[in-house]
Amino acid sequence: MHNVNFTSEASMSNLPDMVDFIKERLQGLKLKKNQAIKTVLLSEDMLSQLIEHRQNDKARLSITISHSFGRGSLVLKCPGSAFRLEDTDMGLSDLLNRDSKDDDEDALVRSIVRRNLQMSLSLDHVRNTNVIKITFDCSKYKQLIVTFSAMILGLLTGFILKNTLGNQACDYIATNIFSTISTMFLNAIKMLVGPLIFFSVASSVAGMGDIKSLGRLGAKVFLIYLFTSIMAIFLSYGIFKLFPMGDSSLLSLIDSSSSSVSDLPSAQPLSLWKVIQDIVPSNFLGAFTSSNMLQLLFLAFLLGIITTITGDSSAKIKDVLDTANIVFSKIAAIIMKAVPLAIFASMAKLMIGLNLSAIRVMVQWIGLNYIAFASLFVMYGLLILLLTGRNPFIFFRKYLEPVTTAMAFNGSAAALPSALKSCRDKLGISSKIYSFSIPLGNTINMDGCCSMMLLTVLFFARAFTIELSPGLLFSMMISIYLLSVGSPGVPMGALVCVSMLMAQAGIPKETLALVMGLYPVVAMVMTGTNVAGDGAVTLIVAHSEKMIDEKIFRL
């Protein structure tokens, strides 16, 4: 926290000096130009109001500017009579200078303008003193700083608790405090993600207005997602050929009676026709209650297309879809304010439950997966560079927030609100693209998952000295893609899929006991990779359709 103070006699003759002081300090905070201009306009009007309502000619006006963790505040104080913000023009008299004399309309316009300023403004009258507080973002990295700080503090807290308290106390804290916080947050996300995806996609499709354009756009998004998943599978196979890891000495560590493996949920083998068949729900509401994303996408596309075909007669339905999309997006924004606390609890719980000795044993498996995930990030960067001509580092910098959120919660759904917001506010992508490309990718784009499943099977096949024939490998690659799209919605769903692939390769299921305790370490990066792929494909498609606001992208 850093504070800067300025005090002067409350008079109009001193107003230029006060404004110059604010300008100088805001320049030191390196605000964006438009943000600094808005703040100065607003503060100048507020200073005028304080001077106009000052207690007497000798009243003193104080200015305090502070900033901490990317958030700045400007506090103005002056003894005087009370007044209302509704009676001020907030430095925007030109915008508010209209023929209408409706006071309610004026108040509404001021409220809208103030929200568009992206600043918070408050006025209190305490002990005969007017106190005005203006808060604003002074760093575009604020959310990233807060997110990484929460992750690090959570890991440190978990490590300290694990090494200072007994196992029973740690388990109690992890189960009753950290797990409660993270579970409540994830439950809120699960509650939200179905309606958010449904109304986002339905609203976007209904707003297309042209079925041919929609078909072209949908086919383009799906084919690029399919391409990146296929590339992820072959890239992972190539990485294993370069780094053929898997030591037979690991097999002596397997406990065939491991309860953790026997308790792992089972799943039925998937086929292409089974995946296609399950897309159409037998119950409209059942798709929401079961959170079946493929079914939700099908229903959203169906409703959006019908709304588009029927034209003007369904205008009211389109308005309802747009309104519902806005409402659930606002709810998502509110829920996402709890992200730092939820990340802290999630990381602390992860550290407490982590088997550090197992990491030393399985470091090869972890390292192999991390190399593959890093390669996928490189692949996304190259695709962005080659297909759009844009700097991939700009993309990764602007899209880092949803990636880190996904990593913290080991779930793509948790990052969905953040991904939509980043596409709109940081990348400048049209809602017609991201509002269905991101939800679709959240469901079918599992590049990191494909990579992890193949590498895990190859790793243990080598440990068991099992030779996988080309035909079996090809069959497994098809299975991996189908499993990644239709993986069961159960805890550790990806490991359930791995167990099915191990059975296909002739590897004992009990082998999973070696990776179950370390799965969160790999899964967090795997999920972040999936989310990064969603953003990369969305950017590529938006560029090809010329649906990117260049001013926002270059900020």
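The values are calculated or read from the model by the stated rules, or taken from the named source; none is laboratory data. Bear in mind that the values here come from a model prediction, so they are computed numbers and not experimental data. Cβ sites come from the backbone with ideal geometry, for glycine too, and all protein chains shown count toward neighbours. Remember, those area values only see protein heavy atoms, side chains included, never the ligands or the DNA or RNA. Shrake-Rupley method; radii C 1.70, N 1.55, O 1.52, S 1.80 Å.
Over 31 Å apart at the Cα level, from the set K190/K220; K133/K546; K190/K212; K220/K421; K212/K426, are K133/K546; K190/K212. With 0.36 nm allotted per residue and the present C-alpha distance subtracted, the F474-A169 stretch has 104.9 nm of extension available. For E545, the amide hydrogen comes within under 5 Å of no other amide hydrogen, counting only partners 5 or more places away or on other chains and with H modelled in the peptide plane. Estimated from the Cβ-Cβ distance and a Förster radius of 35 angstrom, the FRET efficiency linking L555 and M191 is about 0.60. Rounded to the nearest 0.05, what FRET efficiency do I306 and F83 have when you use their Cβ-Cβ distance and R0 = 56 Å? Working from the Cβ atoms, E equals 0.60.
For G80, the residues whose modelled amide H falls within less than 5 Å of its own, excluding neighbours fewer than 5 places apart on the same chain, are Q55, T129, N130.
The figure for M379 is an accessible area of roughly 20 square angstrom, using a 1.4 Å probe on the protein chains alone.
For the range 335-473, the Kirkwood hydrodynamic radius comes to 17.6 Å, computed from all pairs of different C-alpha atoms. On the basis of the beta-carbon distance and an R0 of 60 Å, T7 and T465 show a calculated FRET efficiency of 0.15. The accessible area of H125, taken with all protein chains in place and a 1.4 Å probe, comes to roughly 80 Å². So for the range 303-353, taking the charge dipole from beta-carbon charges (+1 Lys/Arg, -1 Asp/Glu), which of S346, V320, I335 sits furthest toward the positive end? So the residue we want is S346.
Per-residue surface analysis assigns T323 an accessible area of about 80 Å², computed on protein heavy atoms at 1.4 Å probe radius. Computed from backbone phi with θ = phi - 60° and the Karplus coefficients 6.51, -1.76 and 1.60, the 3J(HN,Hα) list for the range 323-329 is 5, 4, 4, 5, 4, 5, 5 Hz; x is used for glycine and proline. Subtracting the Cα-Cα distance of N283 and N391 from 0.36 nm times their residue separation leaves 34.4 nm of extension gain. The shape of the range 367-444 comes out oblate: with a ≥ b ≥ c from the C-alpha gyration tensor, a/c is at least 1.5 while a/b does not beat b/c. Take every Cα pair under 8 Å whose residues are at least 6 apart in sequence, average their separation, divide by the length of the range 432-555, and the relative contact order is 41 percent.
Ordering E24, E510 by accessible surface, largest first, gives E24, E510; the 1.4 Å probe counts only protein heavy atoms, with every chain in place.
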